[in-house]
Amino acid sequence: MASWFSHDSKSDLINWVNDLLKLNITRVEQCGNGAIHCQIFDTIYGDVQMSKVKFDAKAEHEFVANFKILQNCFDRHRIPNAIPVDRLVRCKFQDNIEFLQWVKKYWDDHYQPTSVYDPIKRRSGRGVAPAVAMVPSVLRKAVAGTWVQQGGLGTVELAKELEAPAEVAAGPAPKGLPARAPAAAARRPTKSVSPKAPAGGNSPPGAPAPSATANRHNAAPAGVTVPPAELAALRGQLAALTAQLDVATRERDFYYDKLREIEVVMGGGEEDGQEQPEPPSTVDGMRDMVLQILYRTEEGFEVPEDEAAESKGGLVGV
(Lines give C-alpha, C1' and ligand atoms only; values in the text may rest on other atoms or scores of the structure.)
Protein backbone atom coordinates (compact mmCIF):
# COMPACT_ATOMS: atom_id res chain seq x y z
CA MET A 1 0.00 0.00 0.00
CA ALA A 2 1.46 3.35 -1.04
CA SER A 3 2.20 5.89 1.70
CA TRP A 4 0.65 9.36 1.54
CA PHE A 5 3.63 10.78 3.46
CA SER A 6 7.35 10.76 2.89
CA HIS A 7 9.53 9.20 5.56
CA ASP A 8 12.16 11.93 5.49
CA SER A 9 13.60 13.03 8.80
CA LYS A 10 13.55 16.58 10.11
CA SER A 11 17.05 17.35 8.87
CA ASP A 12 16.28 15.83 5.46
CA LEU A 13 13.21 18.02 5.05
CA ILE A 14 15.04 21.18 6.10
CA ASN A 15 17.89 20.47 3.68
CA TRP A 16 15.41 19.72 0.90
CA VAL A 17 13.55 23.02 1.41
CA ASN A 18 16.81 24.99 1.54
CA ASP A 19 18.17 23.35 -1.62
CA LEU A 20 14.91 23.63 -3.55
CA LEU A 21 14.08 27.24 -2.65
CA LYS A 22 17.59 28.59 -1.93
CA LEU A 23 16.62 29.45 1.63
CA ASN A 24 18.38 29.06 4.96
CA ILE A 25 15.69 27.88 7.37
CA THR A 26 16.79 26.09 10.52
CA ARG A 27 13.49 24.72 11.88
CA VAL A 28 10.49 22.93 10.45
CA GLU A 29 8.27 25.34 12.40
CA GLN A 30 9.25 28.14 10.00
CA CYS A 31 7.03 26.47 7.40
CA GLY A 32 4.06 27.52 9.53
CA ASN A 33 4.08 30.94 7.88
CA GLY A 34 2.65 29.37 4.70
CA ALA A 35 5.08 31.14 2.36
CA ILE A 36 7.39 28.14 1.99
CA HIS A 37 4.53 25.84 1.01
CA CYS A 38 3.31 28.40 -1.53
CA GLN A 39 6.67 28.41 -3.30
CA ILE A 40 7.06 24.61 -3.14
CA PHE A 41 3.83 24.28 -5.11
CA ASP A 42 4.97 27.10 -7.38
CA THR A 43 7.95 24.92 -8.36
CA ILE A 44 5.42 22.29 -9.48
CA TYR A 45 2.79 24.41 -11.25
CA GLY A 46 4.39 27.84 -11.66
CA ASP A 47 1.10 29.72 -11.21
CA VAL A 48 1.08 30.68 -7.53
CA GLN A 49 0.63 34.43 -6.94
CA MET A 50 4.11 34.85 -5.45
CA SER A 51 3.87 38.66 -5.48
CA LYS A 52 1.13 38.43 -2.83
CA VAL A 53 2.95 35.93 -0.61
CA LYS A 54 4.46 37.50 2.51
CA PHE A 55 7.78 35.77 3.16
CA ASP A 56 8.63 38.01 6.10
CA ALA A 57 5.30 37.27 7.82
CA LYS A 58 5.54 37.23 11.62
CA ALA A 59 1.90 37.53 12.72
CA GLU A 60 -0.77 34.85 12.62
CA HIS A 61 -3.10 36.82 10.35
CA GLU A 62 -0.27 37.10 7.81
CA PHE A 63 0.26 33.33 7.97
CA VAL A 64 -3.46 32.79 7.29
CA ALA A 65 -3.30 35.11 4.27
CA ASN A 66 -0.46 33.03 2.82
CA PHE A 67 -2.38 29.80 3.33
CA LYS A 68 -5.37 31.32 1.50
CA ILE A 69 -3.11 31.77 -1.52
CA LEU A 70 -2.03 28.14 -1.14
CA GLN A 71 -5.67 27.03 -0.90
CA ASN A 72 -6.40 28.83 -4.19
CA CYS A 73 -3.64 26.76 -5.78
CA PHE A 74 -5.16 23.56 -4.31
CA ASP A 75 -8.59 24.48 -5.69
CA ARG A 76 -7.22 25.35 -9.11
CA HIS A 77 -5.44 22.01 -9.48
CA ARG A 78 -8.08 19.95 -7.68
CA ILE A 79 -5.79 18.82 -4.88
CA PRO A 80 -8.11 17.05 -2.43
CA ASN A 81 -5.91 17.20 0.64
CA ALA A 82 -7.16 19.60 3.35
CA ILE A 83 -4.80 22.25 4.75
CA PRO A 84 -4.96 22.30 8.59
CA VAL A 85 -4.39 26.06 8.74
CA ASP A 86 -5.54 26.47 12.35
CA ARG A 87 -2.83 24.03 13.50
CA LEU A 88 -0.04 25.01 11.12
CA VAL A 89 -0.12 28.74 11.98
CA ARG A 90 0.68 27.90 15.61
CA CYS A 91 4.15 26.88 14.38
CA LYS A 92 4.19 23.66 16.40
CA PHE A 93 6.75 21.04 15.36
CA GLN A 94 4.56 17.94 15.05
CA ASP A 95 1.81 19.56 12.98
CA ASN A 96 4.26 21.20 10.60
CA ILE A 97 6.52 18.20 10.06
CA GLU A 98 3.53 15.97 9.26
CA PHE A 99 2.21 18.42 6.66
CA LEU A 100 5.70 18.99 5.24
CA GLN A 101 6.16 15.22 4.88
CA TRP A 102 2.92 15.09 2.89
CA VAL A 103 4.06 18.05 0.74
CA LYS A 104 7.40 16.32 0.08
CA LYS A 105 5.62 13.14 -1.04
CA TYR A 106 3.31 15.16 -3.32
CA TRP A 107 6.28 17.01 -4.77
CA ASP A 108 8.13 13.74 -5.45
CA ASP A 109 5.09 12.41 -7.34
CA HIS A 110 4.24 15.52 -9.39
CA TYR A 111 7.38 17.62 -9.89
CA GLN A 112 8.67 17.67 -13.47
CA PRO A 113 11.73 19.86 -14.10
CA THR A 114 10.70 21.09 -17.54
CA SER A 115 12.44 24.45 -17.26
CA VAL A 116 14.93 26.30 -15.09
CA TYR A 117 13.20 27.58 -11.95
CA ASP A 118 14.78 30.54 -10.16
CA PRO A 119 13.28 30.56 -6.63
CA ILE A 120 15.01 33.78 -5.60
CA LYS A 121 13.74 35.67 -8.63
CA ARG A 122 10.22 34.28 -8.21
CA ARG A 123 9.98 35.68 -4.67
CA SER A 124 11.79 38.93 -5.60
CA GLY A 125 14.75 38.15 -3.38
CA ARG A 126 12.72 38.02 -0.20
CA GLY A 127 13.66 35.67 2.65
CA VAL A 128 11.76 33.92 5.41
CA ALA A 129 11.65 35.44 8.88
CA PRO A 130 14.05 33.69 11.29
CA ALA A 131 12.64 31.10 13.67
CA VAL A 132 13.20 33.31 16.72
CA ALA A 133 10.93 35.99 15.26
CA MET A 134 7.94 33.66 15.54
CA VAL A 135 8.47 32.66 19.17
CA PRO A 136 8.53 35.84 21.32
CA SER A 137 4.94 36.79 20.44
CA VAL A 138 3.70 33.53 21.93
CA LEU A 139 5.87 33.93 25.00
CA ARG A 140 4.80 37.54 25.45
CA LYS A 141 1.16 36.48 25.40
CA ALA A 142 1.84 33.85 28.05
CA VAL A 143 3.56 36.36 30.31
CA ALA A 144 0.89 38.95 29.56
CA GLY A 145 -1.80 36.53 30.72
CA THR A 146 -0.16 36.37 34.15
CA TRP A 147 0.22 40.14 34.20
CA VAL A 148 -3.48 40.66 33.44
CA GLN A 149 -4.48 38.33 36.29
CA GLN A 150 -2.46 40.55 38.62
CA GLY A 151 -4.37 43.63 37.47
CA GLY A 152 -1.67 45.03 35.20
CA LEU A 153 -1.56 45.90 31.54
CA GLY A 154 -3.39 44.05 28.78
CA THR A 155 -1.73 41.71 26.32
CA VAL A 156 -1.07 44.33 23.65
CA GLU A 157 0.15 46.95 26.09
CA LEU A 158 2.49 44.47 27.81
CA ALA A 159 3.96 43.32 24.51
CA LYS A 160 4.81 46.94 23.75
CA GLU A 161 6.28 47.41 27.22
CA LEU A 162 8.57 44.41 26.83
CA GLU A 163 9.94 45.68 23.53
CA ALA A 164 10.00 49.42 24.26
CA PRO A 165 11.40 51.65 27.06
CA ALA A 166 9.54 51.81 30.35
CA GLU A 167 7.47 54.82 29.29
CA VAL A 168 5.34 54.45 26.15
CA ALA A 169 4.04 57.69 24.73
CA ALA A 170 0.51 57.75 23.42
CA GLY A 171 0.59 58.45 19.69
CA PRO A 172 -1.97 60.54 17.81
CA ALA A 173 -5.32 58.94 17.08
CA PRO A 174 -5.94 57.75 13.52
CA LYS A 175 -7.76 60.21 11.30
CA GLY A 176 -11.50 60.04 11.82
CA LEU A 177 -11.28 58.26 15.19
CA PRO A 178 -11.49 59.84 18.65
CA ALA A 179 -8.38 59.82 20.77
CA ARG A 180 -8.25 56.97 23.25
CA ALA A 181 -6.40 57.01 26.54
CA PRO A 182 -4.02 54.10 27.21
CA ALA A 183 -5.67 51.12 28.90
CA ALA A 184 -3.54 51.32 32.01
CA ALA A 185 -4.18 55.03 32.40
CA ALA A 186 -7.90 54.40 32.12
CA ARG A 187 -7.75 51.82 34.87
CA ARG A 188 -5.44 53.85 37.07
CA PRO A 189 -6.81 57.41 37.23
CA THR A 190 -4.21 59.81 38.56
CA LYS A 191 -5.30 62.46 40.99
CA SER A 192 -4.45 65.89 39.68
CA VAL A 193 -3.08 68.33 42.27
CA SER A 194 -3.56 72.02 41.62
CA PRO A 195 -1.43 74.73 43.26
CA LYS A 196 -2.75 75.86 46.61
CA ALA A 197 -3.94 79.41 46.82
CA PRO A 198 -2.52 81.59 49.59
CA ALA A 199 -4.50 81.81 52.78
CA GLY A 200 -6.86 84.69 52.08
CA GLY A 201 -8.00 83.42 48.74
CA ASN A 202 -5.95 85.92 46.71
CA SER A 203 -3.00 85.18 44.45
CA PRO A 204 0.32 86.78 45.33
CA PRO A 205 1.00 90.09 43.63
CA GLY A 206 2.39 89.73 40.13
CA ALA A 207 1.55 86.00 39.89
CA PRO A 208 -0.10 84.98 36.59
CA ALA A 209 -3.50 83.39 36.68
CA PRO A 210 -3.61 79.60 36.27
CA SER A 211 -3.84 78.74 32.56
CA ALA A 212 -4.93 75.71 30.58
CA THR A 213 -1.26 74.96 29.84
CA ALA A 214 -0.44 74.86 33.53
CA ASN A 215 -3.35 72.53 34.20
CA ARG A 216 -2.16 70.19 31.48
CA HIS A 217 1.30 70.05 33.04
CA ASN A 218 -0.20 69.24 36.42
CA ALA A 219 -2.44 66.48 35.03
CA ALA A 220 -1.46 62.83 34.68
CA PRO A 221 1.08 62.13 31.90
CA ALA A 222 -0.28 60.77 28.64
CA GLY A 223 2.21 57.85 28.64
CA VAL A 224 2.00 54.59 30.54
CA THR A 225 4.71 54.02 33.11
CA VAL A 226 5.48 50.54 34.44
CA PRO A 227 7.41 50.29 37.68
CA PRO A 228 11.02 49.32 36.81
CA ALA A 229 11.03 46.42 39.29
CA GLU A 230 7.92 44.86 37.78
CA LEU A 231 9.18 45.38 34.23
CA ALA A 232 12.51 43.76 35.13
CA ALA A 233 10.67 40.80 36.68
CA LEU A 234 8.61 40.32 33.52
CA ARG A 235 11.70 40.46 31.34
CA GLY A 236 13.27 37.85 33.60
CA GLN A 237 10.23 35.61 33.16
CA LEU A 238 10.42 36.07 29.39
CA ALA A 239 14.11 35.13 29.35
CA ALA A 240 13.41 32.04 31.48
CA LEU A 241 10.56 30.94 29.20
CA THR A 242 12.73 31.45 26.14
CA ALA A 243 15.47 29.28 27.65
CA GLN A 244 12.96 26.58 28.61
CA LEU A 245 11.53 26.60 25.09
CA ASP A 246 14.98 26.19 23.57
CA VAL A 247 15.78 23.22 25.84
CA ALA A 248 12.41 21.59 25.17
CA THR A 249 12.87 22.02 21.41
CA ARG A 250 16.31 20.42 21.47
CA GLU A 251 15.09 17.50 23.58
CA ARG A 252 12.08 16.99 21.32
CA ASP A 253 14.25 16.86 18.20
CA PHE A 254 16.75 14.58 19.96
CA TYR A 255 14.17 11.96 20.90
CA TYR A 256 12.24 12.29 17.64
CA ASP A 257 15.42 11.39 15.73
CA LYS A 258 15.86 8.34 17.97
CA LEU A 259 12.31 7.15 17.30
CA ARG A 260 12.82 7.73 13.59
CA GLU A 261 16.01 5.65 13.65
CA ILE A 262 14.26 2.84 15.50
CA GLU A 263 11.42 2.98 12.95
CA VAL A 264 13.93 2.56 10.13
CA VAL A 265 15.63 -0.36 11.91
CA MET A 266 12.34 -2.12 12.60
CA GLY A 267 11.01 -1.64 9.08
CA GLY A 268 14.25 -2.09 7.17
CA GLY A 269 13.42 1.06 5.16
CA GLU A 270 15.60 3.71 3.62
CA GLU A 271 17.21 6.66 5.34
CA ASP A 272 19.05 9.47 3.52
CA GLY A 273 18.59 7.56 0.26
CA GLN A 274 20.71 4.59 1.41
CA GLU A 275 19.45 1.09 1.93
CA GLN A 276 19.72 0.09 5.58
CA PRO A 277 21.02 -3.31 6.73
CA GLU A 278 18.50 -5.95 7.63
CA PRO A 279 17.37 -5.85 11.27
CA PRO A 280 18.62 -8.58 13.64
CA SER A 281 16.80 -11.85 13.25
CA THR A 282 16.59 -12.60 16.98
CA VAL A 283 14.66 -10.87 19.72
CA ASP A 284 17.83 -10.39 21.80
CA GLY A 285 19.63 -8.84 18.85
CA MET A 286 16.74 -6.46 18.18
CA ARG A 287 16.55 -5.52 21.86
CA ASP A 288 20.28 -4.77 22.02
CA MET A 289 20.12 -2.61 18.89
CA VAL A 290 17.12 -0.62 20.20
CA LEU A 291 18.79 -0.10 23.59
CA GLN A 292 21.96 1.04 21.88
CA ILE A 293 20.00 3.68 19.97
CA LEU A 294 18.03 4.79 23.03
CA TYR A 295 21.07 5.23 25.29
CA ARG A 296 23.40 6.74 22.71
CA THR A 297 24.15 10.35 23.66
CA GLU A 298 25.39 13.36 21.78
CA GLU A 299 26.78 16.76 22.66
CA GLY A 300 24.53 18.53 25.11
CA PHE A 301 22.74 15.36 26.21
CA GLU A 302 25.47 13.50 28.12
CA VAL A 303 24.20 11.47 31.06
CA PRO A 304 25.98 12.10 34.42
CA GLU A 305 28.18 9.24 35.57
CA ASP A 306 26.04 8.38 38.62
CA GLU A 307 22.86 8.24 36.52
CA ALA A 308 24.63 6.22 33.82
CA ALA A 309 25.70 3.68 36.43
CA GLU A 310 22.14 3.40 37.75
CA SER A 311 20.83 2.96 34.19
CA LYS A 312 23.28 0.17 33.48
CA GLY A 313 22.41 -1.49 36.74
CA GLY A 314 18.71 -1.25 35.92
CA LEU A 315 19.22 -2.91 32.53
CA VAL A 316 20.73 -6.06 33.99
CA GLY A 317 18.31 -8.92 33.58
CA VAL A 318 16.08 -7.02 31.12
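Can you tell me which of Arg235, Arg250, Arg296, Arg260 is modelled with pLDDT of 85 or more and among the charged types (D, E, K, R)?
Values: Arg250 fails: modelled with pLDDT of 85 or more; Arg296 fails: modelled with pLDDT of 85 or more; Arg260 fails: modelled with pLDDT of 85 or more.
Residue meeting the stated conditions: Arg235.
Which is more than 21 Å from the chain's Cα centre (by Cα) and surrounded by 15 or more Cβ atoms within 10 Å (Cβ to Cβ), of Arg122, Arg78, Arg87? Quick ask: steps written out before the conclusion?
Details: Arg78 fails: surrounded by 15 or more Cβ atoms within 10 Å (Cβ to Cβ); Arg87 fails: more than 21 Å from the chain's Cα centre (by Cα).
None of the other options fit; the residue is Arg122.
Give the residue, chosen from His61, His77, that is free of Cβ contacts under 8 Å to residues at least 12 places away in the same chain and more than 27 Å from Val264 (Cα to Cα). Step through it out loud before you land on a result.
Values: His77 fails: free of Cβ contacts under 8 Å to residues at least 12 places away in the same chain.
After applying the criteria, what remains is His61.
Among the residues of the range 52-75, count how many are under 20 Å from Leu20 (Cβ atoms) and surrounded by fewer than 18 Cβ atoms within 10 Å (Cβ to Cβ).
Within the range 52-75, residues that are under 20 Å from Leu20 (Cβ atoms) and surrounded by fewer than 18 Cβ atoms within 10 Å (Cβ to Cβ) number 2.
Please work out if Ser6 is assigned to a loop (DSSP other than H, G, I, E, B) and of a type in the set (Gly, Ala, Ser).
Taking the combined requirement at face value, the residue satisfies it.
Which residues, counting only those in the range 4-37, are acidic (Asp, Glu) and buried (at least 20 other Cβ atoms within 10 Å of the Cβ)?
Looking only at the range 4-37, we keep the residues that are acidic (Asp, Glu), and these are 8, 12, 19, 29.
Residues satisfying the conditions are Asp8, Glu29.
The values are calculated or read from the model by the stated rules, or taken from the named source; none is laboratory data. These numbers come from a predicted model, not from an experiment. All Cβ positions, even for glycine, are placed from backbone atoms using ideal geometry, and neighbour counts span all protein chains on display.
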